[in-house]
Ligand code: SF4
Ligand code: SF4
């Protein structure tokens, strides 16, 4: 990867490896979401069944789309459309012209810092595998305006 590529090149010029390295490993995009008829988005404290909650990494990244049809691929064209990405998300930050946070692994060199700072879902998420479908609504932790 090129030195400090995130500061020197726009998102559209990143290599695949650099694009992947931008992910801070927070796991927030792997929380389940419901969209209601008014366009609001409910975010649950329940993570996709494939998320390894301790590491906040996908348990089968190579096969994720085959195994989880709702898994959404984050591509350059979709960063701005994914309004539900957390403000902390590295892709959203760069797309909005902001800098990476000091706790980001590329800046800090420490992949644990995203957890210690409470950015990741490690401390609160429960796995979808542990929550019956009819109890999912009990786990709503935020309602987001879809345009917000
Ligand atoms: S929200 Fe962004 S930074 Fe966090 S895991 Fe998802 S893609 Fe990576
Ligand atoms: S399949 Fe993997 S990347 Fe996709 S939402 Fe689930 S844990 Fe996240």
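Bear in mind these aren't lab numbers, they're just calculated from the coordinates by the rules spelled out. Keep in mind that what you see is a predicted model, and the values were worked out from it rather than measured. Every residue, glycine among them, receives a Cβ derived from its backbone with ideal geometry; neighbour counts consider all protein chains shown.
Dividing the alpha-carbon radius of gyration of the stretch 98-148 by the rule-of-thumb value 2.2 N^0.38 Å gives 1.55. Here the stretch 55-138 is described by how far its Cα atoms reach on the three principal axes: 40, 31, 27 Å, from widest to narrowest.
Measuring spread by the Cα atoms of the chain yields a radius of gyration and Dmax of 15.5, 48 Å.
Test of understanding: ordering 83, 57 by Cβ neighbours within 10 Å, fewest first, what list do you get? Please report the intermediate quantities before stating the final value.
Details: 83 12, 57 15.
Going from least to most buried by this count: 83, 57.
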